[in-house]
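Before any comments, here is the structure.
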Amino acid sequence: MTAQASLSLQGDTLIVAGVLDHESVLSLEAQGATWLADTAPATCYADLTQVSYSSSAGIALLLSWLRHAQQQHKTLRLRPLPTKLAGLVRLSGLDEVFGPLIAEAKAPPAKA
Amino acid sequence: MTTPPSADNLIEIRNLRFGRGERWIFDGVDMNFARGKITAIMGPSGTGKTTLLRLIGGQLRPESGSIALDGQNIPQLNRQELFAVRRKIGMLFQSGALFTDLSVYGNVAFPLRVHTHLPERMIQDLVLMKLHAVGLRGARDLMPSELSGGMARRAALARAIVLDPALLMYDEPFVGQDPISKGMLAQLIRLLNETLGLTSIIVSHDVKETASIADYLYIIADGKIIGQGTPAQVMSTEDARVRQFIRGLADGPVPFHYPARSYQQDLGLEPVP
Ligand SMILES: Nc1ncnc2c1ncn2[C@@H]1O[C@H](COP(=O)(O)OP(=O)(O)OP(=O)(O)O)[C@@H](O)[C@H]1O
Ligand SMILES: [Mg+2]
């Protein structure tokens, strides 16, 4: 039973899509960490609006990326979280951690 | 009267029969557990409420009947399939059952270590998140012997939800708690159910707390379902046995005594002619 999750890049934004559970976050964590260490700009974004389902593991994934970004002296900001994830954030008392990092929703740039 | 299967139900039990010794604990029972809802099971002591949770969890097998969880018939699964299904089930046992040689942290981390390949750092995040949700993030380094009864119950709850189960079963969550912690726990159960998108089953004697959070109630006695409905429906029923249970009377139509030999026999006396 492998859940489907994927990452794609759109400029300075890492787009997460699919199902985030205790298995699928493993490879996403590593791919995101590589991006943060290599090509990600000093201020970069994660967009989870295309996540169809997330367990708490999705929050752990974001926390892990935030730590990687800090180690690289980069700022990872978050696009507004889907309702379910926002609920998990509230339940876990992580508003104070995530709140200041939420960036405005941004229309995706027109394809060149 | 059998209800057809529905996608709205996480669990459907049909014609369940299970016996202990000469007695049917369940004698042809049908139940539905609606997805995303809190369903409560109430009934006198010894009627089989804990047994029902063990049947759903696959620790016991019925004589006949089906217990479908997401379409999979639990009694027919092999060990490997059961192991996979149990990952979707969180259980808060009647006895609490923390591992006494592990700290609060170690207890909550345990299922993640057994069932996932997550790195330690992410395990830590998840444990802290769940401990925070039950108000025990600051108690992570305590040992179970250092916890109050209510704290131990909440630590066990954090462990039960750490894998984000689809189903959470609570066996007598309110027992041994003062009224304030009962109320807090009830609100927490409701909050978890909504935020985690869980389906919850609560076994409880506590009519007031249970009715305050349950979406649907079943009352079982003598191997049968004697009442069911929303809390409001059950509370206003005319049925004498259900009313007696709800009012908590010790005598009346539902027998207080476990079936026994005659008292004389037990006492080694001749029956009085
Ligand atoms: N391992 C066992 N072997 C034989 N009989 C058992 C066993 N476990 C339970 N029983 C019997 O099955 C019946 C149902 O027990 P169960 O623990 O399910 O009741 P309960 O409704 O949970 O009661 P309580 O409200 O007191 O927790 C009881 O009569 C009990 O004596
Ligand atoms: Mg019991």
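The values are calculated or read from the model by the stated rules, or taken from the named source; none is laboratory data. Please read all numbers here as calculations on a predicted model, not as lab measurements. With ideal geometry, Cβ positions are generated from the backbone for all residues, glycine too; neighbour counts draw on all protein chains shown. SASA here: full protein model, heavy atoms, side chains in, ligands and nucleic acids out. Shrake-Rupley method; radii C 1.70, N 1.55, O 1.52, S 1.80 Å.
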- prompt: From the list A:Ala57, A:Ala33, A:Ala103, A:Ala40, which residue is under 16 Å from A:Leu7 (Cβ atoms), open to solvent by less than 30 Å² (accessible area, probe 1.4 Å), of a type in the set (A, V, I, L, M, F, W, C) and more than 14 Å from chain B (Cβ to nearest Cβ)?
  reply: A:Ala40
- line: Residue count, region B:116-133, condition charged (D, E, K, R) and open to solvent by 50 Å² or more (accessible area, probe 1.4 Å), comes to 2
- request: For B:Gly90, indicate whether it is surrounded by 19 or more Cβ atoms within 10 Å (Cβ to Cβ), in contact (Cβ under 8 Å) with a residue 60 or more places away in the chain and within 14 Å of another protein chain (Cβ to nearest Cβ).
  value: yes
- prompt: Quick one: is B:Arg79 more than 15 Å from B:Leu167 (Cα to Cα), within 14 Å of chain A (Cβ to nearest Cβ) and surrounded by fewer than 17 Cβ atoms within 10 Å (Cβ to Cβ)?
  reply: no
B:Phe26 crowded, with 18+ Cβ neighbours inside 10 Å, of a type in the set (Phe, Trp, Tyr), within 16 Å of ligand 2 (Cβ to nearest atom) and more than 14 Å from chain A (Cβ to nearest Cβ): yes
Yes/no for B:Glu81 being more than 20 Å from the chain's Cα centre (by Cα) and within 16 Å of ligand 1 (Cβ to nearest atom): no
- request: With the condition kept exactly as written, say whether any residue in region B:31-50 is more than 14 Å from chain A (Cβ to nearest Cβ), free of Cβ contacts under 8 Å to residues at least 40 places away in the same chain and part of a loop (DSSP other than H, G, I, E, B).
  value: no
query: Given B:Gly57, B:Gly21, B:Gly28, which one is within 15 Å of ligand 1 (Cβ to nearest atom) and at positive phi?
result: B:Gly21
Test: B:Asp141 is open to solvent by 10 Å² or more (accessible area, probe 1.4 Å), within 27 Å of B:Ile56 (Cβ to Cβ), more than 14 Å from the chain's Cα centre (by Cα) and at pLDDT 90 or above: no
- line: Looking across region B:37-53 at residues that are at pLDDT below 95 and under 22 Å from B:Arg190 (Cα atoms), the single one that is farthest from ligand 1 (Cβ to nearest atom) is B:Met42
- prompt: A:Ala46 versus (1) in a strand (DSSP E or B); (2) open to solvent by 50 Å² or more (accessible area, probe 1.4 Å): which is the lone unmet condition?
  reply: (2)
query: From the set of residues in region B:113-143 that are of a type in the set (D, E, K, R) and assigned to a loop (DSSP other than H, G, I, E, B), which is farthest from the other protein chains (Cβ to nearest Cβ)?
result: B:Asp141
- request: Kindly provide the set of residues from region B:93-115 that are surrounded by fewer than 14 Cβ atoms within 10 Å (Cβ to Cβ) and of a type in the set (Ser, Thr, Tyr), ordered by number.
  value: B:Ser95, B:Thr100
query: Regarding B:Leu168, is this residue in contact with a His (Cβ under 8 Å, 6 or more places away or on another chain) and within 14 Å of chain A (Cβ to nearest Cβ)?
result: no
query: Within the set of pairs 6 or more residues apart or between chains, which connect a residue that is closer than 11 Å to B:Ala97 by Cα and modelled with pLDDT under 90 inside region B:144-161 to a residue that is of a type in the set (Lys, Arg) and open to solvent by less than 20 Å² (accessible area, probe 1.4 Å) with Cβ atoms less than 6 Å apart?
result: none
